[in-house]
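K.L.:
Encoded as structure tokens, here's the structure I'll be asking about.
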Amino acid sequence: MNQPKKIAVIGGGIVGSTTAFYLSQTDTDVTLYDEETGQATSAAAGIICPWLSQRRNQKWYRLAAGGAAFYPTLMKDIGEGLQYSVIYRQVGTLVFKKTPKLLDKLEKIVQKRRIDAPMIGELAVLSPEDIQEKMPLLETRNPALFASGGAKVDGAQLTQTLKEKAQQNGVVFHKKKVSLHVESMDESPYIINDGTRQERFDAVVLAVGAWLPKLLEPLGYAVDIRPQKGQLVELQLDAETDVWPVVMPDGEMDIIPFAGGKIIVGATHENDKGYDLEPTKEQLQLMLQEANKLVPELEKATITRTRVGTRAYTSDFAPFFGEVPHAPRLYAASGLGASGLTSGPLIARMLTQLIKGEQTDLPLENYPINDYIQKSNSSS
């Protein structure tokens, strides 16, 4: 199959913006549509440190670890220096566990992973005194596992930069909500309607996260995706936070320091809120209370904003990507959940490889789209 010449990317989160950027480097006309409402990436502040996860799904781990290893390449490709970047920076990650035994177990797992993932860097169990040297305002009596290769990334700044670079390369950008229609499989079977005009494309990439069912179900597909609400709090602290490590306590709440005293606390994982994007004071206060226990100085910090986004999950919490069944040159990716900022760029590169007819970095059969998107029995 020849490489398509006119491609639409719907969704400008981490997968969509990265896909548009890499497609912009090919001999292809690319149009990016992104309404931005509820986008998980723009609300997210990511921790790039999958090696410290204890999820047992090895296919997920290979994808996440590959995504972490891909970040320096992505930064180089967009012209972003690694040492002083405000988008992505390796500052290390501190992980706490409930008991020393659980911390020791995690250290042994990660030591084995270092063989294939040298990017983990220095690995050590730090005493409370050692922890305070790395993050002076953190108060704890417990040890923590430190991995120097852990990094932080600002999702909103990253996707904005990717969009700007893509547009510099000729990508046309429309900030609009769209619908997708399919006609007979001729050269340009896909019609995108943005409410004011229609345009035909010979290939389309659907990178809309939790909104994938809303685009595909009208075309007769059943889609295994559910939304999850995530809320974060952005704080301003009078402190030198540039090189502070990311802090992962035992639980869902994380503390992510950025340059200039900016601290992100989050995020919630709310499975019963659907596509609700309203901040919830009670949930945010609970997170802040947990954060204040570790960093009491945060009580003096100013809340500058709250962020709310919608993650996409499958029923078995596994991501997928590839060509939609029975729809040549219609591609989709979803189900990334809370690891979207880690694995999203690598998935985008693999979608680009797939569109170009190249071998993908990881086997597509490990992330089978056919298990999550199926043609309905009632559809023609």
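The values are calculated or read from the model by the stated rules, or taken from the named source; none is laboratory data. Keep in mind that what you see is a predicted model, and the values were worked out from it rather than measured. A quick note on method: Cβ atoms are made from the backbone with ideal geometry, for glycine too, and the neighbour counts reach across all protein chains shown. Calculation scope for accessible area: heavy atoms of the full protein, side chains included, ligands and nucleic acids excluded. Shrake-Rupley method; radii C 1.70, N 1.55, O 1.52, S 1.80 Å.
K.L.:
Mind running the shape call on region 128-280? Use the C-alpha gyration tensor, a ≥ b ≥ c as the square roots of the eigenvalues: rounded below 1.5 for a/c, prolate if a/b tops b/c, oblate otherwise.
P.N.:
Prolate, because a/c is 1.5 or more and a/b exceeds b/c.
K.L.:
Could you list, in their original order, any pairs among Lys134/Lys293; Lys165/Lys229; Lys152/Lys229; Lys105/Lys293 whose Cα atoms are separated by more than 27 Å?
P.N.:
Lys165/Lys229
K.L.:
Which ³J(HN,Hα) values, rounded to whole Hz and listed in residue order, are derived for region 128-145 from phi using the Karplus coefficients 6.51, -1.76 and 1.60 in 6.51 cos²θ - 1.76 cosθ + 1.60 with θ = phi - 60°, glycine and proline given as x?
P.N.:
Values per residue, Gly and Pro as x: x, 5, 5, 4, 5, 5, 7, 9, x, 8, 7, 10, 7, 9, 10, x, 9, 8 Hz.
K.L.:
In nm, to one decimal, how far is the Lys300 label point from the Gln111 one, both placed 7 Å along Cα→Cβ?
P.N.:
4.0
K.L.:
Which of the three applies to region 19-176, rounded, prolate or oblate, going by the alpha-carbon gyration tensor with a ≥ b ≥ c and a/c under 1.5 meaning rounded?
P.N.:
prolate
K.L.:
Given the convex hull of the Cα atoms of the chain, what is a quarter of its surface area in nm²?
P.N.:
The directionally averaged projection comes out at 18.6 nm².
K.L.:
Determine which aspartates and glutamates satisfy two conditions relative to Lys59: a Cα distance under 12 Å, and not lying fewer than 8 residues away in the same chain.
P.N.:
Glu365
K.L.:
In region 282-301, which residues have a backbone nitrogen under 17 Å from the label point lying 7 Å from Glu139's Cα in the Cα-to-Cβ direction?
P.N.:
Counting backbone N atoms under 17 Å from the label point, the list is 288-301.
K.L.:
Need one number: nm distance between label points at Glu122 and Arg56, each 7 Å from Cα along Cα→Cβ, rounded to one decimal.
P.N.:
If labels sit at Glu122 and Arg56, their model points lie 3.5 nm apart.
K.L.:
Using a Cα-Cα cut-off of under 16 Å, which aspartates and glutamates could be cross-linked to Lys101, ignoring same-chain neighbours fewer than 8 residues away?
P.N.:
Asp250
K.L.:
Can you give me the % of accessible surface on the chain that is carbon or sulfur? Probe 1.4 Å, all protein chains present, nothing else counted.
P.N.:
That fraction is 47 percent.
K.L.:
Further, regarding this structure: Where only protein heavy atoms count, and the probe is 1.4 Å, what is the accessible area per residue for the chain in Å²?
P.N.:
Heavy-atom SASA per residue in the chain reads 45 Å².
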